Amino acid sequence: MSQAIALIVDDEPDILELLQITLSRMGIDSKSAQNISDAKKLLKTTSFDICLTDLQLPDGNGLELVEHIQKHCPTVPTAVITAFGSMEIAIQALKLGAFDFVSKPVDLKSLKALVGSAIKINNPVEPLDRRSREKLLGDSGVMATVRAKIAKLARSQAPIYISGESGTGKELVAKLIHEKGPRADQKFVPINCGAIPQELMESEFFGHKKGSFTGAIADKKGLFQTANGGTLFLDEIADLPLHMQVKLLRAIQEKAIRPVGSDTEQIVDVRILSATHKNLAKLVEEGKFRQDLYYRINVIELPLPKLSQRQEDIPALSEHILNKLSRLHSSAKAHLTESARKALSQYPFPGNVRELENILERAVTLCDGDTIHKEDLQLPNETNRTSSTISEVIPSQKTSNSTKPPLEDYLGTLEKEAIVNALEKTRWNKTAAAKELGITFRALRYRLKKLGLDD
């Protein structure tokens with residue numbers, strides 16, 4: 001393998017020398033330029049594996065060089081060296097396509113981690129496979145666009161905000177961005193921000209020292225330390241309380257964290273991906289989410305389409321889910337009838353792909369044999385229509401302490417009694433009880449779980 005080569009663009013001799021020595025010790029050759037003009041000339045004659053550029057140069061701004069490289073040498077990852085406190089410019093560089101940034105005074109550990117990740121992008125010995133079609137299914141145009149964006153975003157270290165409704169696959173997309181990038185051999189750490197008790201949040205995120213609070217009987221790593229070198233996925237980030245938003249912002253900007261009870265900061269090398277189904281921009285307007293954190297995590301937004309916006313993908317998704325259920329339960333694969341397939345294609349799926357998975361799992365359980373009919377899907381619109389028809393024929397009064405129609409309660413009670421009677425008659429032999437009731441064992445198992453009789 002030929003030696004990697006870097007382009008260093010800086011007009012400060014001390015910085016140039018520091019970068020050259022650091023790269024040399026990493027086994028990376030380098031060429032230097034003191035201005036944008038000389039850098040463009042070198043880019044024409046040499047194939048570089050990475051470019052490190054200062055933002056303040058004698059003949060212009062480093063952002064101009066970032067744009068130039070994106071246009072003429074798009075495979076060269078570019079990292080910008082920013083002055084302390086120049087976070088807005090660093091974010092602008094990331095939006096223009098910069099791979100990452102490092103702040104002055106340059107921390108050599110952070111610099112080495114950055115360069116190491118950048119070099120992996122174009123490694124000819126172990127090239128990264130950026131295809132994601134096998135995991136992110138769908139032949140629709142919108143999904144082809146999403147996959148193309150994933151391949152591009154995987155080359156960067158910029159924070160990505162994945163937006164979309166619940167059930168659209170935000171965590172799957174975040175994991176693909178991680179797996180298709182240079183951090184693929186490191187940890188992907190997902191966390192649901194809304195699932196952590198507020199009093200434990202700081203410890204969970206940043207860790208704590210022994211004795212820092214009641215119950216802290218030993219040092220503990222936080223999520224940032226666990227994800228060090230890899231990717232931290234902050235799901236439902238809108239649920240973070242304001243006091244944690246401040247601490248998270250500082251951790252992202254400084255690339256350092258301070259464990260609870262510690263006097264010193266720890267440098268962390270973590271790529272931040274975040275997501276929520278809520279409207280973050282609206283929450284910012286309402287004062288429920290910090291504007292500075294919003295701009296910091298939303299350097300690049302990746303919106304995911306609703307399932308109703310890609311209905312042509314439903315047949316392929318259904319087949320994939322049915323195959324997965326077959327493997328999971330070690331049973332024959334269930335098949336959809338034409339009417340069932342048509343019903344799925346016409347259903348709006350407010351719960352998106354997750355709802356499709358739930359509907360098919362229920363249908364596999366309820367269907368007779370291995371054929372799923374339209375009725376087995378129990379689509380809400382069909383159920384509502386049937387309930388409306390029944391209520392027109394059989395008028396009823398709602399009880400004051402229930403929101404369910406009395407007919408539904410009555411039928412549920414009858415179903416429960418019938419199942420219990422069959423189980424008692426067969427001495428709780430579920431296979432025999434299913435036969436007694438004239439339903440499949442899978443259907444009985446589903447109903448037992450639904451009625452709370454599966455213990």
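What a 1.4 Å probe finds exposed on the range 74-193 is 55% carbon and sulfur by accessible area, rounded to a whole percent. The local environment of Leu43, defined by Cβ-Cβ distances under 12 Å, has a net charge of +4 under the rule Lys, Arg +1 and Asp, Glu -1. Modelling each spin label as a point 7 Å along the Cα-to-Cβ direction, I'd like the Lys278/Phe441 distance in nm, to one decimal. The modelled label-to-label distance comes out at 4.6 nm.
Taking amide H as placed 1.01 Å from N in the peptide plane, Thr82 has its amide H under 5 Å from the amide H of Val102, Ser103, Lys104, each at least 5 places away in sequence or on another chain. Put a dot 7 Å past the Cα of Ser330, heading toward its Cβ, do the same for Glu301, and the two dots end up 4.8 nm apart.
Computed over protein heavy atoms with a 1.4 Å probe, the accessible surface of the range 259-347 works out to 50 Å² per residue.
Net charge near Gln266, counting Lys/Arg +1 and Asp/Glu -1 over other residues with Cβ under 15 Å of its Cβ? Neighbourhood net charge equals +1.
The residues of the range 55-119 have, on average, 43 Å² of accessible surface per residue, using a 1.4 Å probe with all protein chains present. Given the range 9-134 reduced to its alpha-carbon atoms as identical point scatterers, what log10 I(q)/I(0) does the Debye formula return at q = 0.14 Å⁻¹? After summing over all Cα pairs, the log10 values are -0.58.
Placing +1 on the Cβ of every Lys and Arg and -1 on the Cβ of every Asp and Glu, with no other charges, gives the chain a dipole of roughly 920 debye about its Cα centre. Only beta bridges with both residues in the chain are counted; by DSSP, about 10 percent of them are antiparallel. Stokes-Einstein diffusion of the chain at 10 °C, 1.306 mPa s viscosity, Kirkwood radius from Cα pairs, rounded to a whole number: 61 µm²/s. Charge dipole of the range 194-245 (Cα centre as origin; +1 on each Lys and Arg Cβ, -1 on each Asp and Glu Cβ, all else neutral): 340 debye, rounded to the nearest 20.
Computed over protein heavy atoms with a 1.4 Å probe, the carbon and sulfur contribution to the accessible area of the range 205-326 reaches 48%. What you get for the range 213-319, charging only the Cβ of Lys and Arg (+1) and of Asp and Glu (-1), is a dipole of about 260 debye around the Cα centre. Net charge around Ser163, counting only other residues with Cβ within less than 14 Å of its Cβ (Lys, Arg = +1; Asp, Glu = -1)? It works out to a net charge of 0. Segment Gln70..Val420, full-extension length gain: 119.1 nm, with 0.36 nm per residue of separation and the alpha-carbon distance subtracted. In this structure, the amide hydrogen of Leu302, modeled 1.01 Å from its nitrogen in the peptide plane, lies closer than 5 angstrom to those of Tyr161, Ile162, Ser163, counting only residues at least 5 positions away or on a different chain. Simple rule: put +1 on each Lys or Arg Cβ and -1 on each Asp or Glu Cβ in the range 98-214, find the dipole, and look at Ile119, Pro190, Ala154; the Cα lying farthest toward the positive end is Ile119. Spin-label model, Ala316/Arg362: points 7 Å from Cα along the beta carbon direction are separated by 2.7 nm.
The values are calculated or read from the model by the stated rules, or taken from the named source; none is laboratory data. Note that this is a predicted model, so its numbers are computed, not measured. No Cβ is skipped: glycine too gets one built from the backbone with ideal geometry, and neighbour counts run over all protein chains shown. Accessible surface areas use protein heavy atoms only, side chains included; no ligands, DNA or RNA. Shrake-Rupley method; radii C 1.70, N 1.55, O 1.52, S 1.80 Å.
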